[in-house]
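Q: Below is the structure I would like to discuss, written out as structure tokens.
No value in this document is a laboratory result; all are computed from the given coordinates. Fair warning: this is a prediction, and the values are worked out from it, not measured in the lab. Counting neighbours? That spans all protein chains shown, and the Cβs are built from the backbone with ideal geometry, glycine included.
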Amino acid sequence: MSEQNLPQVLDGDAPVFAISVAAHLAGMHPQTLRSYDRMGLVSPRRTRGRGRRYSPRDVARLRLIQRLSQDEGVNLEGIRRILAMQDEIDTLRTRNAELAELLRVARVAPADRLFAADAGGRVQMAERARRIFTPPRAIGR
């Protein structure tokens, strides 16, 4: 495979690491990752054969768990609560950005608004693209 065919940006949610690699990257034993999976602290994707595949985001989460546990002395229940609150904050930030964009579009003059249905059937509001009409030039000028 040539370098041109490789993805330029790795998706943070792409399940690319086997449990042994993820454990090495996180500085943990694979059995610890299995325990965290059973506890719901990290939920890797599964292959058809039920093997675990971890994403870069999962590895970052494992590193956070390691730091909270080892360096900060937080117990696993405390870590679970911290992670749940962090997930909620991330969800709220995403929703806030969506609402800010919706508000920005809603403030556009009504004549410039456009409503359309997305693939899921939900109505979306967007700005109408402005087209500037430029008359064709006369031949011979």
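Q: So how long is each side of the range 25-80 along the principal axes, counting just the alpha-carbon atoms, biggest first, in Å?
A: 37, 20, 17
Q: If we sort 33-40, 117-124 on the protection proxy, mean other Cβ atoms within 10 Å, highest first, what's the order? Display every interim value, and only then the final one.
A: Values: 33-40: 15.2, 117-124: 7.8.
The most tightly packed comes first, giving 33-40, 117-124.
Q: What residues qualify as long-range amide H neighbours of Arg45, i.e. H under 5 Å apart, gap of 5 or more or another chain, H built at 1.01 Å from N?
A: Amide H to amide H, under 5 Å and 5 or more residues apart or across chains, Arg45 pairs with Arg53, Ser55.
Q: By count of other Cβ within 10 Å, fewest leading, how are Ile82, Ile89 ordered?
A: Values: Ile82 15, Ile89 10.
Result, fewest neighbours first: Ile89, Ile82.
Q: May I pose another question? Give me the percent relative contact order of the range 3-127, please, defined on Cα pairs under 8 angstrom at least 6 residues apart. Write down the numbers at each step before the final one.
A: Numbers: 100 pairs, mean separation 22.5, N = 125.
It comes to 18 percent, rounded to a whole number.
Q: Further question: What residues of the range 22-48 lie in the reach of a label at Leu10, counting those whose backbone N is under 11 Å from a point 7 Å from the Cα along Cα→Cβ?
A: 22, 25
Q: Additional query: Share of Cα-Cα pairs in the range 3-127 beyond 25 Å, in percent? Walk me through the intermediate numbers first.
A: Values: 3634 of 7750 pairs.
When every Cα pair of the range 3-127 is considered, 47 percent fall beyond 25 Å.
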